[in-house]
1. Taking the conditions exactly as written (in contact (Cβ under 8 Å) with a residue 60 or more places away in the chain and among the aliphatic types (A, V, I, L, M)), does Ala118 satisfy them or not?
2. Checking Ile133 against (1) free of Cβ contacts under 8 Å to residues at least 24 places away in the same chain; (2) among the aliphatic types (A, V, I, L, M); (3) surrounded by 15 or more Cβ atoms within 10 Å (Cβ to Cβ), only one condition comes out false. Which one?
3. Regarding Ala53, is this residue of a type in the set (Gly, Ala, Ser) and touching a residue at least 40 places away in the same chain (Cβ under 8 Å)?
4. Can you confirm whether Ala185 is among the aliphatic types (A, V, I, L, M) and in contact with a helix residue (DSSP H, G or I) (Cβ under 9 Å, 6 or more places away or on another chain)?
5. So which residues in region 1-51 are over 24 Å from Asn142 (Cβ atoms) and in contact with a His (Cβ under 7 Å, 6 or more places away or on another chain)?
6. Take the residues in region 25-47 that are touching a Ser or Thr at 6+ places or on another chain (Cβ under 9 Å) and not basic (Lys, Arg), then tell me which one is nearest to Lys224 (Cα to Cα).
7. If I filter region 74-85 for residues that are more than 18 Å from the chain's Cα centre (by Cα) and of a type outside the set (Gly, Ala, Ser), do I get at least one hit?
8. Does Gly63 count as within 17 Å of Pro29 (Cβ to Cβ) and out of contact with any Asp or Glu (no Cβ under 7 Å at 6 or more places or on another chain)?
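The values are calculated or read from the model by the stated rules, or taken from the named source; none is laboratory data. Since this is a predicted model, take the numbers as computed values, not measurements. Methodologically, a virtual Cβ is constructed for each residue, glycine included, from the backbone with ideal geometry; neighbour enumeration extends over all protein chains shown.
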Amino acid sequence: MAEFTVIIPARYGASRLPGKPMLDLAGIPVVQHVINRAHDSGATRVIVATDDARIKNVALNAGAEAVMTRADHPSGTDRIAETAQILSLPDEEIIINVQGDEPDMPPELIRQMADSLADRPEISMCTACTPIIHADSINNPNVVKVVRDKNDIALYFSRAPIPFERDEGGEFAYRRHLGIYAYRAKYLIEFAKTPACALEQSEKLEQLRVLYRGDKLYCPDAIKSPGIGIDTQADIVRARAEWPK
């Protein structure tokens, strides 16, 4: 069983749904649900990386650590990298990136990512995927697809359907990428310093930078998939309707 740190990037000023980490869900803020899931995973440390004092206070009250970061980070990964540097985390520290808008992130999946990286010293980074069940998701650009080699190493990620089914009636098992990552602190900091490549800029998918660098990104099937992520007003309405009473 690997020891690991969960860092939750949570900024207040999301463009599509400002303040979403603080939105009420079943009586507590969304980000507090994320913190609770991280604690349940068995993480050694749970840290919220934020640019907002309100989120920091929720984190501290929920038993997490909190680090105030710059407000101008382009991604959660950059925010986590700054946090790792502020805290001087050891090079080999395993860090799990759990987004602050994933209130139903399974603790089992967080643990799976940590163990997967710990068991594979040759791997730079881990993420996860799940089979796509609904056909309309295949052509949905908001559903990121991944293709892998025989060892579950990612070959490519895309918002487009990959691979392209040339013949009608094909039965390829499309897979959806899940936005959870595991990395060692040293690699995370190196990755954050690497300029975005053209592929990443085109698809708006930062994980393509890993592949462009020539690094290995392990992408197993998730042992349990997350529930609703909170990106839009419709998502929070749906989550409130479906959340256990």
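1. The answer is yes for Ala118.
2. (3)
3. Numbers: of a type in the set (Gly, Ala, Ser): yes; touching a residue at least 40 places away in the same chain (Cβ under 8 Å): no.
Spelling it out, it is not the case that Ala53 is of a type in the set (Gly, Ala, Ser) and touching a residue at least 40 places away in the same chain (Cβ under 8 Å).
4. Against the criterion (among the aliphatic types (A, V, I, L, M) and in contact with a helix residue (DSSP H, G or I) (Cβ under 9 Å, 6 or more places away or on another chain)), Ala185 qualifies.
5. From region 1-51, those over 24 Å from Asn142 (Cβ atoms) are 1-7, 24, 26-29, 32, 35-36, 38-51; that's our starting set.
The answer is Val46, and nothing else.
6. To start, the set of residues in region 25-47 that are touching a Ser or Thr at 6+ places or on another chain (Cβ under 9 Å) comprises 31, 43-47.
Those still in the list that are not basic (Lys, Arg) too: 31, 43-44, 46-47.
On the way: Val31: 20, Ala43: 17, Thr44: 21, Val46: 21, Ile47: 23 Å.
Among those residues, the one meeting the criterion is Ala43.
7. yes
8. Yes; evaluated as a whole, the condition is true for this residue.
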